[in-house]
1. Per residue of chain B, what 222 nm ellipticity follows from adding -39500 (n - 2.57) for every DSSP H run with n ≥ 4, rounded to the nearest 500?
2. Based on DSSP, what percent of beta bridges with both residues in the protein assembly as shown are antiparallel, to the nearest 5?
3. Given a 1.4 Å probe and no ligands, DNA or RNA in the count, how much accessible surface is buried by A and B, both sides, to the nearest 100 Å²?
4. Over chain B, with a Gaussian network built from C-alpha contacts below 10 Å, which listed residue (B:163, B:360, B:94) shows the highest mean-square fluctuation?
5. How high is the relative contact order of chain B, given as a whole-number percent (alpha carbon pairs under 8 Å, six or more residues apart)?
6. Compute, for residue B:103, the solvent-accessible surface of its heavy atoms (probe 1.4 Å) with the complete set of protein chains present, and express it in square angstrom to the nearest 10.
7. Where is the GNM fluctuation largest for chain A (alpha-carbon springs, 10 angstrom cutoff): A:314, A:248, A:121?
8. Can you give me the orientation-averaged projected area of the convex hull built on the Cα atoms of segment B:36-172, in nm²?
2 protein chains.
Amino acid sequence: MNPAARALVSRRMTAGSAYGEDVPEVETGRRDRLAAQLAARDIDAALVTDMVNVRYLTGFTGSNGALLVQASGAAVFATDGRYTGQAALQCPDLPITTTRRLCADLLQTAGRIGRLAVETHSLTVDAYAALSATADPGTTVVSLDRAVETLRVVKDDGEIAALQRACAISTEALQQVLAGPLKGRSEREVARDLEWRMFALGAEAIAFDTIVAGGPNSAVPHHMPTERPLARGDLLKIDFGARVDGYHADCTRTSVLGEPADWQREIHAAVRSAQQAGVDAMVAGAAVVRPDAVARQVLDEAGWLERFTTGIGHGVGLQIHEDPFVGPRHPGRLMDRTPVTMEPGIYLPGRGGVRIEDTLVVGTGTPQVLTDAPRELLVVG
Amino acid sequence: MNPAARALVSRRMTAGSAYGEDVPEVETGRRDRLAAQLAARDIDAALVTDMVNVRYLTGFTGSNGALLVQASGAAVFATDGRYTGQAALQCPDLPITTTRRLCADLLQTAGRIGRLAVETHSLTVDAYAALSATADPGTTVVSLDRAVETLRVVKDDGEIAALQRACAISTEALQQVLAGPLKGRSEREVARDLEWRMFALGAEAIAFDTIVAGGPNSAVPHHMPTERPLARGDLLKIDFGARVDGYHADCTRTSVLGEPADWQREIHAAVRSAQQAGVDAMVAGAAVVRPDAVARQVLDEAGWLERFTTGIGHGVGLQIHEDPFVGPRHPGRLMDRTPVTMEPGIYLPGRGGVRIEDTLVVGTGTPQVLTDAPRELLVVG
């Protein structure tokens, strides 16, 4: 393990208390920023029910909870009896209501609410109907839109540190696995091996279902690992990541078993160039569509654009896919301190495919690439 | 490993094709049963958008898809371009539409729909609004309620076989870990060890976040593993499971490091008796509230009922928690071939807790307990 990776990993391994180490210190500033938006939009209170958003605003990591934030900044958290102790530990700065009727009881705590915002992008139709039935008849229910997701786009130091650790663990584990031997092992075995190494290095979880795809399977963008044994001449595409303190690493590398064929070198080189161009275009202030356009242009000039059939990038954080989504139809501009992926690929059905993906943090200059492992076409065995 | 476990595990490890082994053969009968319900409820078509329900009715395991089932039994599946190949392999018996506008394009395939049912318990408010905007003005949108979840309650042979394998892997891995050594290892280390063994035995994934809770932490019902080292005198509560072919095992055992104290023996014996009584009451045709009442009565007579603060059981299958939910307020009767858990506990804050949980299949006689590992208070070291 290189010293930087060791330092990042060891920080993780020495963590101590019952829950504290699993969540970065939650700034009450996050709730204050939401409250300011509510005030600006003439909304009296927001009911946050999406569990990722609840975690972001409270630090609570359980599976059931809701948060009411008023435009004044006052906030109350509700969860059920299973989580009484955990909520007290994780949300020491919040009044906590323990109940089975999270939303209804939260609304009771707030007094009269003229305009109430709810998360219509994640609240179900049935939950919305139940909420509307319990809300005061004088309350107008509006959409919060993706206000909390938008707050989450720009990360603080603690979030970026967690992502750094997740990415360091991921790339270290990958390099251990690529050191081999690989020939004759199944995709599934390699996937499990990689996951075990991430856990051993301090991952709290696997960020998403690990993709290990050999030979023709590498042409399937979201292939699930099978019992197929890796063989000489295979392209080997591995798309994977570790999760640390709730934050998700996302990395893809493609190597080859034995001496690469010309077509393998060619498509890998095209993806490599496109990916580098895309990474270089990830600059704060640039249009979100810009890195996509730049990377596509490289693929187009190499004659491979029509074989690129997946998305080119997405934000990463408490979710593996989150705002901002990067692509040809996505509005807005890239923000400083925003972690995103850049992941062009070329997929030749029946033959093989190449994808190279990094998790990087957008800044005012050259982006900070967190998944720092070799990108060239590695010959493995 | 005992021979039965070996047989179950080996079936898994020899599986072959790219996707076929990850899903039990999907009966078109499932869609036919849904269609019959639609016809009976005077509904022309159902739009299934919950991804677990989509998987159940199609075999598709990707992350984005939707299914339109008409009362005639005709069905069309839609997914996006990432999953074209996978959908063709997993849903060979269905017409497939590749699109980004899943719901709108599915509705286009169906001609005029008078009454359309949607999954209001999982469809978001925003998705519902978008759907309503694209539906024909002459279409009345109603709730499908939990029709597919209700179909899923009674399992077929393939589903029960997958659960059996998941449970066999889980209990085998637990017994390996409990063989020790355990003293001095952290809760996290033990959790990772257990998970690695489940993967090595053929689990495709961990069914849910593994709970390993030692000493006072065992009193926290949904404790997350920490760096706390296990020490002599600790109760050690482990709640965990493997996933196989999409089906989730759920098992809890509580042991003790070194000679148990009297209070540890007492609460373990009370939970053991309550759990056995609850399991014995899991009989097809019994009211769903019955096993809960029986188990609670045992805890009550032992004087510990007020220290039981969690749910007593739930269905398991493609979800770790699914219908039927077992408890004091749950309507209906238990059905033959329904896998459920039975998991009473006693939690003494600051001291420790005991939970014993099995996954079992309800039948007409004695239920078939799938998590077949010792339930007595094991002394481990």
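The values are calculated or read from the model by the stated rules, or taken from the named source; none is laboratory data. Computed from a predicted model, the values in this text were never measured in an experiment. Cβ coordinates were reconstructed from backbone atoms using ideal geometry, including for glycine residues, and neighbour counts include every protein chain displayed. For accessibility, only protein heavy atoms count, side chains too; no ligands or nucleic acids. Shrake-Rupley method; radii C 1.70, N 1.55, O 1.52, S 1.80 Å.
1. After summing the helix terms and dividing by the residues of chain B, the value is -10500 deg cm²/dmol.
2. Taking every DSSP beta bridge with both residues in the protein assembly as shown, the antiparallel ones total about 75 percent.
3. Summing both sides, the interface buries roughly 3300 Å².
4. Checking each option, the largest mean-square fluctuation is seen for B:94.
5. 15
6. Rounded to the nearest 10, the figure is 40 Å².
7. Comparing A:314, A:248, A:121 in the GNM, the peak value goes to A:121.
8. Mean projected area for segment B:36-172: 9.3 nm², to one decimal.
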